[in-house]
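The values are calculated or read from the model by the stated rules, or taken from the named source; none is laboratory data. Because the structure is a prediction, the values reported are computed rather than measured. Heads up, the Cβs are rebuilt from the backbone with ideal geometry, glycines too, and the neighbour counts pull from every protein chain shown.
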């Protein structure tokens, strides 16, 4: 192992003014692109996840097969590859998307694949007696599912789905590779012109961390609120 001379490391020559100037452009990149990208992708992804979860729970072998194939493909390939296929690959067959739309599609499909298993597990965790109760009062399968089962499954799924959303917020940094001007893209642009790579990238990491801590606080508050409706 090569020795590291800590005494040679100096922060005196770092340009702290660049750090201050980079703050608002990165914050605005987060407000304009990072947060909207994460929210939109998560909402669409959850719709996909519910659909795939219901396919996985279906009595139809075809639907179950489609659900398994989708989850296997999404979970078995890197998100970066999925993003590149949509943004750089699909235009070769005539399907071209602008950077933000391509990122939304890629992240939504990815969230759908991972969240589908969370939703499926949450639905299966609801006691079978709840299904029987719904049928007893005259509800059909669809009514029982959406009025009784899914509301109970939603409470169970809040912690893992919240973690999925927080991970998605961090994953949006990959959108910089398809030219979306989100937080990390701004950091790259500023670092490339100022050459203060250490400070700028550390500042970007700090902003991501602050955002994730804020989201974790919302998650904890939501979990406590939902616990009020659970019989102890």
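If you go through region 52-89 and keep only what is over 21 Å from the mean Cα position of the chain (by Cα) and assigned to a helix (DSSP H, G or I), you end up with 55, 56, 57, 61, 62, 63, 64, 65, 66, 88, 89. Among all residues of region 215-222, there is at least one that is farther than 18 Å from residue 31 by Cβ, at pLDDT below 85, assigned to a helix (DSSP H, G or I) and under 23 Å from the mean Cα position of the chain (by Cα). The single condition among (1) surrounded by 14 or more Cβ atoms within 10 Å (Cβ to Cβ); (2) touching a helix residue (DSSP H, G or I) at 6+ places or on another chain (Cβ under 6 Å) that residue 75 does not meet is (1). Taken residue by residue, region 30-50 has at least one member that is surrounded by fewer than 19 Cβ atoms within 10 Å (Cβ to Cβ), farther than 20 Å from residue 115 by Cβ and touching a residue at least 40 places away in the same chain (Cβ under 8 Å). Listed by position, the helices (runs of 4 or more DSSP H) contained in region 93-184 that have at least 2 residues being touching a residue at least 40 places away in the same chain (Cβ under 8 Å), surrounded by fewer than 21 Cβ atoms within 10 Å (Cβ to Cβ) and out of contact with any strand residue (DSSP E or B) (no Cβ under 8 Å at 6 or more places or on another chain) are 99-125, 150-171.
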